[in-house]
Each structure stands twice: as C-alpha cells, then as structure tokens.
Amino acid sequence: MLKCVIFEDEDLLVVNKPAGMNTHAPSPYAGEGIYEWLKQREGRWSRLAIIHRLDKETSGVMVFGKTAAANRSLTEQFTRHEVRKKYQLLTDRPVPTGTLKVVSSLVRVGEKYLSRPLHAGGERAETHFRALGPVAGGTLVLAEPVTGKTHQIRAHAAEKGFPILGDVLYGGTAGARVCLQAAELTLKHPVSGAEMTFSAPVDFGANARLALREAVVESEETNAWRLVHGASDGWPGWYVERLGDFLLSQGEGHLSAAQMEELARLAERYGARGAYHKMLTRQVRRTKVQEAGPELVWGEGAPEVFTMRENGVEFELSFNEGYSVGLFLDQRENRRRFLTGHVAGEFPLFANGAGGVEVLNTFAYTCGFSVCAAKAGARTTSLDLSKKYLEWGKRNFARNGLKLAGHDFIFGDTFDWLRRLGKKGRSFDVIVLDPPTFSQSKEHGAFQAEKDFGELVRAALPVLKADGVLLASTNAARLEPEKFLEMVRGGVASAGRKVKQERYVPQPPDFPVQRVEPAYLKTVWVRVT
C-alpha cells in the first residue's frame, strides 16, 4: 500500500496529500496532480472521482469516491456542509485569544482572493479560528471552515493579521512550504451511514520536499528516485538522485559548501554508502567518456556495476559509462505502466493480459521498457544503435530471471529498421518511441526531436497493429507540450490512421514542476485505429 493512503474500501479512498502536489493537473505544464496520479496507478482506482480539492501547497486528508453512489453521497454531504473539516496552520504573527469567527465574501483579484464584507447576493465564506498554543516557529492555529471556498482559510487568516507561515501570496513570511494542513475530516460513510473520522498528523518541521517523495514512492519496491529537482526544490541548477546504495549529484559547477552539507544529510537519511557529483555540460557529444562520468565526493566508491530496484524490478547501473548511468528515473511511472498493463482510467495497455502481446522498444538504450513488458508476459523487440547498451539490456533481463529466448535485440538505426520490419510483415501491439533529443546515424542522418518527432511517428505507424498503442515521449525542454501533441497527432494522421484514445502524462511527482522549473518531459500514450 502506498504510504499516502490512509483508508480504502469498496466505496472510498482516503489519502494524505503531500504538499507540493496539485489535486489535479490544470494544464500539461503543471505536473501530474494526485487525482490523475492515483487513477493511472491501478485498475481498481481508475474510476476515482474528485469530491473536494486542496491547494497545491496544502497537505493533508482528501477523500475520493470510487462508485457512483459514493460520489453522490459525498458530494451531497460537502454541499450541505455536513462534512466537518479541521485544518491546522502555523503563523509567526500574533494570534487573537479565544475563538475567532470570520464571515465574508471572497473576491478574486489576480492570483489571490480578498476578503470583503458580506453583502446581499454575495457568497458566504465562514471560518472559525482558535489558537492551539506556541510551537517551534510560531503559533499553531486550528481552523474550521464551515464553507469550502477557494483559498478561504488563507484569505481569512491574512485578513485578521496572522497570515500562514510560507504563504507569501497572502503576506506570510517566506518559508520552506505553506504551513497549512487538512488535519482531520469527519463524514458519513456513503453506504453504511456510519460516522468516520480520518486524520493526518501535522509536522510542519519535516522536510516537505522529501515527504512528497516518501509519500508517493513505494520504498519497499523502489530505492531510486530524484531527491532534489533544481529550482522547484529550492536548489536552482542542482539535481540529486538516489540510486540504490549511492547518491548522484548533478550541476553545472562544483559543489558548494551548502550543497555538500545537504548531500551528507541526504546520504545519512537514506543510508547511502557513497555520493558522486557529475558536471553537466551542453556539449555532451564532444565530451570524452572519462570526462562525462561522475566523481566520488563522499563516502565509499561504487563498484564497477551495482544495482537499483524500481517497482520490484532490478536494473544494472554504472558510474563508469559516461554521461548516463544506465536508466532515466523520470520514466519510472511509464515503465510501471508496462508492469501493470494499465495506462490510466479506462485505458488498459494489455486488454486481455500481456500474453501474446508484442512490444517494439525503439531507441531502447538498456532496455528498461522491454524488461518491464517482458515481466508482464509480453514478447519484446529492443532496437538500438549501440551494441554495448543492448548487451547491457540483456544483463537486465538476466537480473530479473527473464530468459532471452523469445525476445529480440536488434542493433541498428531505428528508421532503417522500421522500414525493414514493415517489409518483413512484422507488426506490434505496442511501440515505444522515446528518442534522444538529438541523434545521428549513417542511414538516416541527423534526428532532432524538436522538429522530427512527427516523422518518427509516421515511420512507426506501418508496423503498429490496428488498435495498437503508441508511447511517444521526449525530454526536449524547448518543445512545448501543445506542439509535441500536434506533432504526434499529425504523424498519425499523415500515416492515414486515427487516434482512438489519448492520455497525456506529465513528469512524475519527484520531478516537481514550478514556474521556475517548467516541465521538460512530455509523454503521450495513444491508441491508434
């Protein structure tokens, strides 16, 4: 069970939403909200319904309906204000004694809401506040919203002179997070009618960024994820990943004293044996392997080859192979979709199980997608321009007890082999198109994802079966999501095919998206007739 799940039965799913994650994704730029993230994880959650919302930086208890009857009952309870909600907030400003009742109308002005005197025709927003006492960092305050208007608690607290710590938008002192948590939710079970109370412990002193990762990553099955994602995590230009027993730091310069201290803290928290740092460069193709590899900066050195675990699957890694260590963590959720055979709500990847399904993994690198598809029971064909990486992929198969018989590993140019496979009459149920941003081959010449992705889609369609699924993904940062989708759809249309089903997937929660760190990874799953 995921750490963020508080309760689940046939009708309800109750979670502790981490701060820094939207309730839902309002746009492709926003990162994946917890609603979409939950729906795409498992088939039994595919019909979840949003009943209420929390702001992105607000953590705490959320309830989702799993059946039509539950959705109706819960919606009615929230509409009639029968659900009792208790929030806790932290402020570093003086708080009035006793119980404070605030009633007003909220008016949107730009990005925030202003509290105005309640007038005829105005919508009522009511919140009750009571100071709970001093704690480290200020005063803890109980907030009980009678109504559920957007930003209600934040606006009312600011109006009364005690804005929430970290809530700069409403005049609060800058902090690591907006210190507001939905601490308790009391409702009636939609079927039994029994009163139920769900709570999430409040700890505003905890590292909210790491708490987000630990809430959404199943640590029993996975020991590799991104710990620091640049400016979105308060460290512009710096990135840190946990890779099994080791940490990998990446940045354009040498580590500062503050970064070294943070790296040591992270190593202690996750029991890392050693930490490495890699200098990022924009001239990857001109950099020698020994120059591109990371250097040990803390602890013991890693062996020539070591392993990490992701969703129960083991992958071989190495710090001695140049710019990449063997797996890209931002594709973890897409690899998991192959394991589960489930893309998203009402979008099965393998409608009748993976048995007999054929998957073509182009630009396969070390065959991560192929391993997961094979684990699910599919027959895979891995295609890459590097024999070394294909051999690496075969070792990944062996590490997971997968026999190579029945799986093909083809060395060569993707465009060339798509034509060859078509001439041979081969066809596939699923095709993975996850090319490097730039590549060059003798057969095809230069490929640039920003301008050639549509051509790649068109080239793949002749070997995709009717009702087959295409996974199209790129990390071309300057390619906007709308343009990327236009290229994919255009490639399908130019091949005389039609998109039957489509699911756009932003980058995973441990690669958080902010205005200062926009999404770079674009992924869309399409079923093509």
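Structure notes:
- Selection within segment 194-228 - part of a loop (DSSP other than H, G, I, E, B), crowded, with 21+ Cβ neighbours inside 10 Å and not β-branched (V, I, T): A200, F204
- Segment 35-83, subset touching a helix residue (DSSP H, G or I) at 6+ places or on another chain (Cβ under 9 Å) and polar (S, T, N, Q), residue surrounded by the fewest Cβ atoms within 10 Å (Cβ to Cβ): S46
- Picking from residues in segment 175-193 that are in a strand (DSSP E or B) and under 30 Å from the mean Cα position of the chain (by Cα), the one that is surrounded by the most Cβ atoms within 10 Å (Cβ to Cβ) is L180.
- Candidates are the residues of segment 409-441 that are of a type in the set (D, E, K, R) and outside any helix (DSSP H, G or I); the one that is farthest from the chain's Cα centre (by Cα) is K424.
- Selected residue (criterion: nearest to the chain's Cα centre (by Cα)) from residues of segment 232-257 that are of a type in the set (D, E, K, R) and closer than 17 Å to Y323 by Cβ: E241
- Residue within segment 319-341 that is assigned to a helix (DSSP H, G or I) and of a type in the set (G, A, S) present: no
- Failed item in (1) over 26 Å from R213 (Cβ atoms); (2) in a loop (DSSP other than H, G, I, E, B), with R108 passing the rest: (2)
- The requirement of being at pLDDT below 95 and small (G, A, S) is fulfilled nowhere in segment 427-438; no residue meets it.
The values are calculated or read from the model by the stated rules, or taken from the named source; none is laboratory data. Note that the structure is predicted; figures quoted are calculated from it, not measured. Positions of Cβ are generated from backbone atoms using ideal geometry, with glycine treated the same way; all protein chains shown enter the neighbour counts.
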